[in-house]
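Asks: I am attaching a structure below and will ask some questions about it afterwards.
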Amino acid sequence: MEGLYMALLTVPSAAAAAVFLADWKAQKAAEQNAAFRNLRDALAIGAGAFIFILMCILAQQGMGSELYAPGICGLGLHFCLDGFRGVYGIVAAFMWMMTLLFSREYLGHEKHLGRYYFFQLVTLNATLGVFLSADLFTTFIFFEIMSFTSYVWVAQEETKGALKAAETYLAVAVIGGLVLLMGLFLLYHTLGTLEMSELLSAAAACEDKGVLYIAGVCALVGFGAKAGAFPLHIWLPKAHPVAPAPASALLSGILTKAGVFGILAVSSNIFLHDQRWGLLLLFLGLCTMFGGALLAVFSVDLKRTLACSSMSQIGFILTGIGMQGILGEENGLAARGTLLHMVNHSLIKLALFMIAGVVVMNLHKLDLNDIRGFGRKKPLLNACFLAGALGISGIPLFNGYISKTLLHESIVEGAELAVELSGFLKAAEWVFLFSGGMTLAYMTKLYVALFVEKNSSVKEQKRFDGMRKYMNPISAFAIVGSSAILPVLGFLPHLVTDKIADLGQGFMNFNGEIHAVSYFSFENLKGGLISIGIGAALYWCIRKFLMAEKQGIREYRNCWPDWLDMEGLIYRPLLLTALPFLARVFCRIFDSLVDGIVVLLRKTIYRDRKIPHELPEGSEFTHLLGEALDWLRNKKRRILRRPAPEHEVSFEHRLAMQREKIMETNTIIQRSLSFGLLLFYVGLVFTLIYLLYLGKG
């Protein structure tokens, strides 16, 4: 098994290096560049397929196996495999394989396809490291590598919008990573371990629960930033529209789940059955769920709508994690619904973002008014998009309905068991159902715009209808293969979906029994039907209020106010203006306070006294030099017979004043706190150099 682990954790990076070399050769050898480009593409796609096969083999044969690499980064790296990790390792590898297949056509004319392949494979390496990690330290190492390598995806197009979105993505990742690291420091200091298998018993024995909550919130900020949870979701709606569609599929479907993996690891091992922790996550889940759906309803950009939808679906998943804490030992429905909705959302967004990529690849546009009618005579694309749209909307007989039913039933069960929280949970149920209705409304908007309505330009619609080769067979295979899974998971819940749910129970520390769920009974269908009714009413509102008639044609309007952008409204003013200003004011006050104390001491206790025979001004040097210069000037005037001007300043005085300025400046610098800190830093650097190199002897 160690060989399989090592292959999974090294082959992607090795393949990335080979892809980079092939791409470099393709650019250097003009007469052979086609051959090297084909080699580059084959290496990337082959590596993706190879990793998928390896992951399937490891999941089949290596359950319960571990790999420990001591000494790396101090604490060493620790990996293991259980049902949950196996499921998500396979999902991740499958999604990478399909997006690599699709990327060849989507980015075929890009100048930097080699760079894209390189960072996609390195990110695959890091993502597998996250999902196979057995301790939070290993999770953190690969989590941060994943954040930095995936940054290149967002900046791939190198447009002004792409670079700004990449800046936001990187800022959220770095700040979240630093807060996460602080939480891990606190956890390790308090519990003495970061091993996931040991955290549960260590947390139960810990008496200082306050420190655990602080550490947990730090971890929640770090992992939640990557998951796209409110209020750290600001990168999601900005990154997806500018990133290549295959990268958007991975950002939405897998990288957000790496954040969810971390939240689950903390919740299931440190705060298992903790009602207060569950309430916090439930509240964040409801805000994320509703906020993302609201943004998607107002959006008129295809990929932005799907991105906001991802934020909303992450809210559904966080709701499930929150309900695990609230329900305590009766959290089986919530645990199963959480894992299934993670898997369903990953696979659905894989298909939907690749279909969006087909639109971008042919039209280079994303606005619904511009792409309206593109899919009218494209039955294959229509069927694949419909499978994803029905799945994510929670329509019965499709995969999203199964996981949403489990999550909904967990909220209903919580309202019955936790009597003191009954009112809040009933309100949460309606937010859940209403958000599900909004999901149906915005997905209906996308479907109708792409596959039902005609374009406002008759000539453009005729061009759309005439497109027969709008994607090559490899891209079609990737999209159809990804979409075909979705109805299977919905049609056969007991044969397929429940077995997947069984695999995740150990990771979430659920050891109890769960009653069989009758997914298509009237009681369970009722929640779905309520959401469908809400969705139909909201779609009518979209047609009525979010569309405007222009020259006899109804067009979609972007009615969301620009000033409600959280990044521009709160984060940038706070982080780039307010906090630096307050920091400067504080440091200036503190620095001046120290200088004032020094001056006060010199004027009182350490009063300055003149030395005997002290010159009125200047020093002996300035006095002698000044007298010499004055004598020369007077001699010059006598020879030239020129009178001395009135109020002439002697050289002696000038030199004395210049000396005073220099001494005053030096005194201020030497007395300032900044100078002291600088000297301390320099001394610390030399001390570290001594310890690292000279101290070895």
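Asks: Does Gly322 meet the test of being assigned to a helix (DSSP H, G or I), touching a residue at least 40 places away in the same chain (Cβ under 8 Å), over 28 Å from the mean Cα position of the chain (by Cα) and closer than 27 Å to Asp502 by Cβ?
Replies: Details: assigned to a helix (DSSP H, G or I): yes; touching a residue at least 40 places away in the same chain (Cβ under 8 Å): yes; over 28 Å from the mean Cα position of the chain (by Cα): no; closer than 27 Å to Asp502 by Cβ: yes.
It is false that Gly322 is assigned to a helix (DSSP H, G or I), touching a residue at least 40 places away in the same chain (Cβ under 8 Å), over 28 Å from the mean Cα position of the chain (by Cα) and closer than 27 Å to Asp502 by Cβ.
Asks: Among what's in the stretch 185-241 and is β-branched (Val, Ile, Thr) and under 17 Å from Ser268 (Cα atoms), pick the residue that is most open to solvent (accessible area, probe 1.4 Å).
Replies: Residues of the stretch 185-241 β-branched (Val, Ile, Thr): 190, 193, 211, 214, 217, 221, 234.
Of the ones still in play, those that are also under 17 Å from Ser268 (Cα atoms) are 193, 214, 217, 221.
Details: Thr193: 15, Ile214: 97, Val217: 67, Val221: 48 Å².
In this case the residue turns out to be Ile214.
Asks: Assess whether Met1 counts as being over 18 Å from Met98 (Cα atoms) and among the hydrophobic types (A, V, I, L, M, F, W, C).
Replies: Numbers: over 18 Å from Met98 (Cα atoms): yes; among the hydrophobic types (A, V, I, L, M, F, W, C): yes.
In short, yes.
Asks: Let me ask something additional. Enumerate the helices (runs of 4 or more DSSP H) found wholly within the stretch 580-697, keeping only those where 1 or more residues are out of contact with any strand residue (DSSP E or B) (no Cβ under 9 Å at 6 or more places or on another chain) and at pLDDT below 70. Working first, answer last.
Replies: Details: elements: 620-640, 651-671, 673-692.
By residue number, 651-671, 673-692.
Asks: Mind checking which residues of the stretch 37-72 are modelled with pLDDT of 85 or more, assigned to a helix (DSSP H, G or I) and either open to solvent by less than 20 Å² (accessible area, probe 1.4 Å) or among the charged types (D, E, K, R) (or both)?
Replies: Those that are modelled with pLDDT of 85 or more, assigned to a helix (DSSP H, G or I) and either open to solvent by less than 20 Å² (accessible area, probe 1.4 Å) or among the charged types (D, E, K, R) (or both): Ala44, Ala47, Gly48, Ile51, Leu54, Met55, Leu58, Ala59.
Asks: Let me ask something else about it. Of the numbered conditions (1) small (Gly, Ala, Ser); (2) touching a His at 6+ places or on another chain (Cβ under 9 Å); (3) surrounded by 24 or more Cβ atoms within 10 Å (Cβ to Cβ), Gly315 fails exactly one; give the number of that condition.
Replies: (2) is the only condition that Gly315 fails.
Asks: Let me ask something else. Pairs please, first residue from the stretch 52-65 and closer than 23 Å to Leu100 by Cβ, second anywhere and among the β-branched types (Val, Ile, Thr) and surrounded by 15 or more Cβ atoms within 10 Å (Cβ to Cβ), Cβ atoms under 7 Å, 6+ apart in sequence or on different chains.
Replies: Matching pairs, first to second residue: Met55/Ile90; Cys56/Ile90; Ala59/Ile90.
Asks: Which one of the conditions (1) closer than 14 Å to Leu132 by Cβ; (2) outside any helix (DSSP H, G or I); (3) in contact with a helix residue (DSSP H, G or I) (Cβ under 8 Å, 6 or more places away or on another chain) does Leu75 fail to meet, given that it meets all the rest?
Replies: (1)
Asks: So how many residues does the stretch 292-312 have that are open to solvent by less than 10 Å² (accessible area, probe 1.4 Å) and part of a helix (DSSP H, G or I)? Spell out the reasoning first.
Replies: Residues of the stretch 292-312 open to solvent by less than 10 Å² (accessible area, probe 1.4 Å): 292-293, 296, 299, 302-303, 305-312.
Now restrict to residues that are part of a helix (DSSP H, G or I): 292-293, 296, 302-303, 305-312.
Looking only at that region, the number is 13.
Asks: So which residues in the stretch 361-389 are part of a helix (DSSP H, G or I), touching a residue at least 60 places away in the same chain (Cβ under 8 Å) and among the aliphatic types (A, V, I, L, M)?
Replies: Listed by number, the residues that qualify are Met361, Leu368, Ile371, Leu380, Leu381, Ala383, Leu386, Ala387.
Asks: Further, regarding this structure: Determine whether the stretch 437-448 contains at least one residue that is part of a helix (DSSP H, G or I), touching a strand residue (DSSP E or B) at 6+ places or on another chain (Cβ under 9 Å) and surrounded by 15 or more Cβ atoms within 10 Å (Cβ to Cβ).
Replies: We begin by selecting, within the stretch 437-448, every residue part of a helix (DSSP H, G or I); these are 437-448.
Applying the additional criterion that residues be touching a strand residue (DSSP E or B) at 6+ places or on another chain (Cβ under 9 Å) yields 445.
Retained after the next criterion (residues that are surrounded by 15 or more Cβ atoms within 10 Å (Cβ to Cβ)): 445.
Looking for residues that are part of a helix (DSSP H, G or I), touching a strand residue (DSSP E or B) at 6+ places or on another chain (Cβ under 9 Å) and surrounded by 15 or more Cβ atoms within 10 Å (Cβ to Cβ), one finds at least one in the stretch 437-448, hence yes.
Results for (1) of a type in the set (Lys, Arg); (2) surrounded by 14 or more Cβ atoms within 10 Å (Cβ to Cβ); (3) modelled with pLDDT under 85, shown as yes or no for each residue.
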{"site": "Leu529", "(1), (2), (3)": "no, no, no"}
{"site": "Gly533", "(1), (2), (3)": "no, no, no"}
{"site": "Trp540", "(1), (2), (3)": "no, no, no"}
{"site": "Gln551", "(1), (2), (3)": "no, no, yes"}
{"site": "Arg557", "(1), (2), (3)": "yes, yes, no"}
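Asks: With a cut-off of at least 3 residues that are within 10 Å of the chain's Cα centre (by Cα), name the helices (runs of 4 or more DSSP H) lying wholly within the stretch 204-255.
Replies: Ranges flagged: 209-227.
Asks: Gly285 - would you say it is farther than 30 Å from Ala476 by Cα, part of a helix (DSSP H, G or I) and of a type in the set (Gly, Ala, Ser)? Outline the logic, then answer.
Replies: On the way: farther than 30 Å from Ala476 by Cα: yes; part of a helix (DSSP H, G or I): yes; of a type in the set (Gly, Ala, Ser): yes.
Taking the combined requirement at face value, the residue satisfies it.
Asks: Next question, about the same structure. Quick check: anything in the stretch 91-104 in contact with a strand residue (DSSP E or B) (Cβ under 6 Å, 6 or more places away or on another chain), crowded, with 16+ Cβ neighbours inside 10 Å, of a type in the set (Phe, Trp, Tyr) and modelled with pLDDT of 90 or more? Spell out how you get there, then give the answer.
Replies: If we filter the stretch 91-104 for residues that are in contact with a strand residue (DSSP E or B) (Cβ under 6 Å, 6 or more places away or on another chain), which is where we start, we get none.
No - not one qualifying residue is present in the stretch 91-104.
Asks: What residue, among those in the stretch 1-29 that are aliphatic (A, V, I, L, M) and open to solvent by 90 Å² or more (accessible area, probe 1.4 Å), is farthest from Gly129 (Cα to Cα)?
Replies: Here is the first cut: in the stretch 1-29, the residues aliphatic (A, V, I, L, M) are 1, 4, 6-9, 11, 14-19, 21-22, 26, 29.
Okay, now just the ones that are also open to solvent by 90 Å² or more (accessible area, probe 1.4 Å), so 6, 21.
Working: Met6: 11, Leu21: 24 Å.
Checked the stretch 1-29; the qualifying residue farthest from Gly129 (Cα to Cα) is Leu21.
Asks: Right, here's the next one. What are the residues in the stretch 90-123 that are of a type in the set (Gly, Ala, Ser), touching a residue at least 60 places away in the same chain (Cβ under 8 Å) and within 15 Å of Gly253 (Cβ to Cβ), if any?
Replies: Initially, the stretch 90-123 is screened for residues of a type in the set (Gly, Ala, Ser), giving 92-93, 103, 108, 114.
In the following step, the residues that additionally are touching a residue at least 60 places away in the same chain (Cβ under 8 Å) were identified as 92, 103, 114.
Result: Ala92, Ser103.
Asks: Tell me yes or no: at least one residue of the stretch 329-337 is farther than 21 Å from Val217 by Cβ, open to solvent by less than 10 Å² (accessible area, probe 1.4 Å) and charged (D, E, K, R).
Replies: no
Asks: Which members of the stretch 144-177 meet the condition of being open to solvent by 20 Å² or more (accessible area, probe 1.4 Å) and under 20 Å from Ser13 (Cβ atoms)? Full working, then the answer.
Replies: Taking the stretch 144-177 and keeping what is open to solvent by 20 Å² or more (accessible area, probe 1.4 Å), we get 144-145, 148, 151-152, 157-161, 163-164, 167, 170-172, 174-175.
Once the filter is applied, which keeps residues that are open to solvent by 20 Å² or more (accessible area, probe 1.4 Å) and under 20 Å from Ser13 (Cβ atoms), the stretch 144-177 yields Glu144, Ile145, Phe148, Tyr151, Val152.
Asks: Just wondering, is there one or more residues in the stretch 555-564 that are in contact with a strand residue (DSSP E or B) (Cβ under 7 Å, 6 or more places away or on another chain) and of a type outside the set (Phe, Trp, Tyr)?
Replies: Step one: of the stretch 555-564, the residues in contact with a strand residue (DSSP E or B) (Cβ under 7 Å, 6 or more places away or on another chain) are 555-557.
From what is left, the residues that are of a type outside the set (Phe, Trp, Tyr) are 555, 557.
Yes, because at least one residue in the stretch 555-564 is in contact with a strand residue (DSSP E or B) (Cβ under 7 Å, 6 or more places away or on another chain) and of a type outside the set (Phe, Trp, Tyr).
Asks: Which pairs have Cβ atoms under 8 Å, sit 6 or more apart or on different chains, and link a residue in the stretch 514-530 that is within 17 Å of Gly490 (Cβ to Cβ) to one that is aromatic (Phe, Trp, Tyr) and open to solvent by less than 80 Å² (accessible area, probe 1.4 Å)?
Replies: That search, which allows pairs on different chains as well, returns Tyr519/Tyr401; Gly528/Tyr401.
Asks: Could you tell me which residue of the stretch 501-524 is nearest to Gly394 (Cα to Cα), considering only residues that are open to solvent by less than 40 Å² (accessible area, probe 1.4 Å) and outside any loop (DSSP other than H, G, I, E, B)?
Replies: So the residue we want is Asn524.
Asks: Hey, can you tell me all the residues within the stretch 239-298 that are hydroxyl-bearing (Ser, Thr, Tyr) and touching a helix residue (DSSP H, G or I) at 6+ places or on another chain (Cβ under 6 Å)?
Replies: Of the stretch 239-298, the ones hydroxyl-bearing (Ser, Thr, Tyr) are 248, 252, 256, 267-268, 288.
Listed by number, the residues that qualify are Ser248, Ser252, Thr256, Ser267, Thr288.
Asks: If only one of Gly86, Gly76 is open to solvent by less than 20 Å² (accessible area, probe 1.4 Å) and either modelled with pLDDT under 90 or under 22 Å from the mean Cα position of the chain (by Cα) (or both), which one is it?
Replies: On the way: Gly86 fails: either modelled with pLDDT under 90 or under 22 Å from the mean Cα position of the chain (by Cα) (or both).
Testing whether each residue is open to solvent by less than 20 Å² (accessible area, probe 1.4 Å) and either modelled with pLDDT under 90 or under 22 Å from the mean Cα position of the chain (by Cα) (or both) leaves just Gly76.
Asks: Further question on the same structure: Spot the failing condition for Ala34; the list is (1) under 19 Å from Leu250 (Cβ atoms); (2) part of a helix (DSSP H, G or I), and only one is missed.
Replies: Among (1) under 19 Å from Leu250 (Cβ atoms); (2) part of a helix (DSSP H, G or I), Ala34 violates only (1).
The values are calculated or read from the model by the stated rules, or taken from the named source; none is laboratory data. Because the structure is a prediction, the values reported are computed rather than measured. When we count neighbours, we look across all protein chains shown, and the Cβ atoms used for this are built from the backbone with ideal geometry, even at glycine. Ligands, DNA and RNA are excluded from the accessible area calculation, which covers all protein heavy atoms including side chains. Shrake-Rupley method; radii C 1.70, N 1.55, O 1.52, S 1.80 Å.
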